[in-house]
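Beneath this line is the structure, given in structure tokens, with notes to follow.
What follows draws every value from the coordinates through simple rules; no lab data is involved. These numbers were taken from a predicted model, which means no experiment stands behind them. Ideal geometry is used to build each Cβ from the backbone, glycine not excepted, and the neighbour counts take in all protein chains shown.
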Amino acid sequence: MNLESLGIKKINSGACIGGKKWIDCSKNKSFTSYSPGSLDRISDVQIADKAIYSDIVLASQKAFKSWRMLPAPKRGELIYQISLKLRQHKDSLGSLISYEMGKIKSEGDGEVQEMIDLADFAVGLSRQLYGLTMHSERPNHRMYEQWHPLGIVGVITAFNFPMAVWAWNAFIAAVCGDVVIWKPSLKTPLCAIAVQNICNEVLIENGYKGIFNLIIGEDSNIGEEIVSDRRIPLISATGSTKMGKIVAQKVGSRLGKTILELGGNNGIIVDEDSNLDLVIPAIVFGAVGTAGQRCTSTRRVFIHKNQFNLISNKLVAAYKQVKIGDPLLPDTLMGPLIDKDAVNGYLNAIENALSQGGELLYGGSKLESLKGSFVEPAIIKAESHFEIVKQETFAPILYLIEYENMDEAIKEHNNVSQGLSSSIFTNNVINSEKFLSAMGSDCGIANVNIGTSGAEIGGAFGGEKDTGGGRESGSDSWKAYMRRQTNTVNWSLDLPLAQGIKFNLE
Ligand code: UN1
């Protein structure tokens, strides 16, 4: 692993004002990042404290003052240059993700590609931050709206997409004229350091400081500071629903804005009239990809009772082909879970499902023959009312649920607290339209004949209910990173009032 080319050292500072030197954190606690597959000790990171946090906020405030006045297409130019470096380092960044987080190399590379795609999108967006014009009800008046930058955006990311989720937020925020303070997961700090190093190179080459900033620290300390800080008007947080509820309350209590992208409990409905050549690989990729640790991972599959045995047998046969092991090896399809706690979460969920009457059809154990946090992907025949089926377990556990008719399947599909991603597999236009209609899936993402995970960046990404309601990435998600201003300009020589009000001064 060529960590040097990404600027990762044996001991790393965990704080940086972008475009300046890494801040000395040597007086603080340090954390070790281990590879979840090999359990290798990769590197140490010295974390930030409150004084460092305060310096970073001051530098960000200062940077914002000039960044907000730079024309948006010029801001896009900076993102373009970052995208060139991402292309150049794609292979090593993808490998680092795989090594530190545990997803397979192809998915690690895919995550870097997602950043590149987002960068390209943001560059185009920098020329398309459009506002509307309205016709004023008053003569010789012009009305329009414009979008201004918000200020500092706090970006809190999870371990499972240790680079791309930052990019979704940071690139959009930057072209919108905001500056970013990133607090990554303590489980994947090196991915963040590598990305910060790339940003630093581009910032230095262009003479900018403080646009992209990094602070690695504990939730109870740095996380708490960021969410409570009135100088940070927007917090974009990705992670568990539990975390999101805390963030929403803290930010809400100061009337700040949030973009929350939280847990999913994503389901696929397999219609009787579906193409099983698509269904089986889509379910396996959705459930086993990233070892079930995507927020979009497939967790529940609804199968018509007439096809239950056929489909469950096909799935078991496909699962037998999933090679588990070193995520960096090209033929591996499933790597490790992130840590021991995740393995315990997996084992407890399986025990729980079985105690509620579930039937284990495949897997269910920790892989003791391998050194790291490896488990077998599990398939469980379950019923949708089981408490455990309603929860998001961040692990490769797939619940298969029988249904008798489509209306019941859609109802049970929606009968969970989360609402991120969903799919139907069907060739029946009535059922696919029903699934996509207002009475259909209640999720932020609803697909036909593709799985629940692996969304493209061009769409708005996020979901409803306990998923938090936020939208990141494509479409018009950028609007959440800006403040809208309505402008009315009077170019007449009179002062007519709206709504026909007369207010005659003698
Ligand atoms: C996440 O797991 O937090 O749709 C993000 C997907 C990826 C992003 C997942 N594009 O699976």
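Which far-off residues, 5 or more places away or on another chain, put their amide H under 5 Å from the one on W182, with H placed in the peptide plane?
Those qualifying (amide H under 5 Å, at least 5 residues apart or on another chain) are V155, N213, L214, I215.
For the chain, find the longest principal axis of its Cα atoms and tell me its angle to the long axis of helix 340-355, 0 to 90°, nearest 10.
60 degrees
In the range 391-434, whose amide N lies under 18 Å from the spot 7 Å out along Cα-to-Cβ of E359? List them in ranges.
Within reach of a label on E359: 398-404.
Quick check on packing: order 73-79, 449-455, 140-146, 100-106 by the mean number of other C-beta atoms within 10 Å, highest mean leading.
100-106, 449-455, 73-79, 140-146
Classify the chain: rounded, prolate or oblate, from the alpha-carbon gyration tensor (a ≥ b ≥ c, eigenvalue square roots; a/c under 1.5 rounded; otherwise prolate if a/b is larger than b/c)?
In terms of gyration-tensor shape, oblate.
What is the calculated FRET efficiency for D40 to S228, with r their C-beta to C-beta distance and R₀ = 35 Å, to the nearest 0.05?
Computed FRET efficiency for D40 and S228 comes out at 0.45.
Give me the percent relative contact order of the range 269-312, please, defined on Cα pairs under 8 angstrom at least 6 residues apart.
48 percent
Antiparallel as a % of all DSSP beta bridges within the chain, to the nearest 5?
40 percent
Quote to one decimal, in nm, the extra length available between Q146 and E201 on full extension: 0.36 nm per residue of separation minus the C-alpha distance between them.
16.6 nm
If I take R0 = 60 Å and measure r between the Cβ atoms of K320 and I501 in this structure, what FRET efficiency does the formula 1/(1 + (r/R0)^6) give, to the nearest 0.05?
Calculated value: 0.20.
How do S38, S432 rank when sorted from fewest to most other Cβ atoms within 10 Å of their own Cβ?
S38, S432
To the nearest 10 degrees, how steep is helix 164-175 against the longest Cα principal axis of the chain, on a 0 to 90 scale?
The angle comes out near 10 degrees.
Using Cα pairs under 8 angstrom and six or more residues apart, how large is the relative contact order of the range 165-247, in percent?
Here the relative contact order equals 30 percent.
Would you mind classifying the range 386-501 by shape? Square roots of the alpha carbon gyration tensor eigenvalues, ordered a ≥ b ≥ c; an a/c under 1.5 is rounded, otherwise it is prolate if a/b is larger than b/c and oblate if not.
prolate
With +1 assigned to the C-beta of every Lys and Arg and -1 to the C-beta of every Asp and Glu, and no other charges, what is the dipole magnitude of the range 355-506 about the Cα centre in debye, to the nearest 20?
It works out to roughly 560 debye.
I want to check the label-to-label distance for K65 and N427. Put each point 7 Å from Cα in the C-beta direction and report it in nm to one decimal.
Simple spin-label model gives 6.6 nm for this pair.
Using label points projected 7 Å from each Cα along Cα→Cβ, tell me how many nm separate N405 and E218, to one decimal.
It works out to 5.7 nm between the two label points.
Provide the gained length on full extension for the span K10 to L276, in nm with one decimal, where the gain is 0.36 nm per separating residue minus the Cα-Cα distance.
90.9 nm
What does the C-alpha gyration tensor say about the overall shape of the range 15-116? Classify as rounded when a/c is under 1.5, otherwise prolate if a/b is larger than b/c, or oblate.
oblate
Given I8, G444, H148, which one lies farthest toward the positive end of the charge dipole of the chain, if we put +1 on the Cβ of every Lys and Arg and -1 on the Cβ of every Asp and Glu?
Checked the options; the winner is H148.
Using Cα pairs under 8 angstrom and six or more residues apart, how large is the relative contact order of the chain, in percent?
Relative contact order here is 18 percent.
Specify the angular offset, from 0 to 90 degrees and rounded to the nearest 10, of the alpha carbon long axis of helix 276-288 from the longest principal axis of the alpha carbons in the chain.
That works out to roughly 70 degrees.
Do the alpha carbons of any pairs in K245/K323; K411/K479; K90/K187 sit beyond 30 Å of each other, and which pairs?
Where the Cα-Cα span goes over 30 Å, the pairs concerned are K245/K323; K411/K479.
When the helix-only estimate is applied to the chain (DSSP H runs of n ≥ 4, each -39,500 (n - 2.57), divided by the residue count), what is the mean residue ellipticity at 222 nm, nearest 500 deg cm²/dmol?
Taking each H run of at least 4 residues, the total per residue is -11000 deg cm²/dmol.
Using per-residue counts of other Cβ atoms within 10 Å, averaged over each peptide, order 176-186, 8-18 from highest down.
The densest-packed peptide leads the list: 176-186, 8-18.
If you take the charge dipole of the chain about its Cα centre, with +1 on Lys and Arg Cβ and -1 on Asp and Glu Cβ, which of Y319, M406, T238 is farthest toward its positive end?
Going by the charge dipole, the pick is T238.
How much FRET efficiency would the formula 1/(1 + (r/R0)^6) give for T488 and E77, where r is the Cβ-Cβ distance and R0 is 41 Å, rounded to 0.05?
0.80
Report, by chain and number, residues whose modeled amide H sits under 5 Å from the one on M163, excluding near sequence neighbours (fewer than 5 apart, same chain).
For M163, whose amide H was placed from the backbone, there are no distant partners under 5 Å.
Fully extended, how many nm does the chain gain between K21 and K245 (0.36 nm per residue separation, minus their Cα-Cα distance)?
Between K21 and K245, full extension yields an extra 77.1 nm.
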